[in-house]
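Some notes on the structure that comes next.
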Amino acid sequence: MGRSVKNDEKTLIKGLKKGDHDSYQSLFRLYYGKFVNFVDCIIKDRAAAEDIVQESFMKVFINREQLQEGQSIENYIYVITNRLMLNYIRDRKKRRTIDSSEIKDSIQEAWGVEDLAFAVESKSRIQTIVSKMPKQRRTVYLLSREKGLSNKEIADRLGLSVRTVDRHIALALAQIRDSFS
């Protein structure tokens, strides 16, 4: 199964690099919902989550020529989405304490190399938080977010109720969200 996903990603990347809109649409259908749910669980704003993920996919398409066939497109989307989500959280937090002109200046300064460092640091921070979770919560979270399994699939695989899986995911996301607040 892993090999099939890897081959599908290679095919998508080849198509994207050529500007093939069908490949872009396939990529969008494959990952859009997953990333919207991920962002929405953290920021608790569905419309903003959709905007963030749409912007992420737009950046993937704009920068498609930089894609490498061996790389994980899902991880690439994750890094972009995570950066945009963290910028949104940071900006939302700043909006509470400074006026709009200061926000505009700080956003303009923030774009660039610092964004990549921020995304890498954030991903590392999330991985650290996940590694410190209780074993079952960590397992449920990783199966959901990294393997893309549905809550029912996770429940079946681990011999848990779907409700228990839902609770573990909610607790894991709350723990991650709290660390960024």
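The values are calculated or read from the model by the stated rules, or taken from the named source; none is laboratory data. The structure presented is a predicted model; accordingly, all values stated were derived computationally and were not measured. Note that we place each Cβ from the backbone using ideal geometry, even for glycine, and neighbour counts take in every protein chain shown.
Quick notes on this one:
- Some residue of the range 61-77 being modelled with pLDDT of 85 or more, closer than 13 Å to residue 39 by Cβ and under 14 Å from the mean Cα position of the chain (by Cα): yes
- Selection count, the range 112-138, where residues are at pLDDT 85 or above and in a helix (DSSP H, G or I): 9
- Of all residues in the range 153-173, those satisfying the criterion of being within 13 Å of residue 139 (Cα to Cα) and not in a helix (DSSP H, G or I) are 159, 160.
- Scanning the range 49-73 for residues that are surrounded by fewer than 17 Cβ atoms within 10 Å (Cβ to Cβ) and in a helix (DSSP H, G or I) gives 50, 51, 54, 55, 58, 59, 61, 62, 65, 66.
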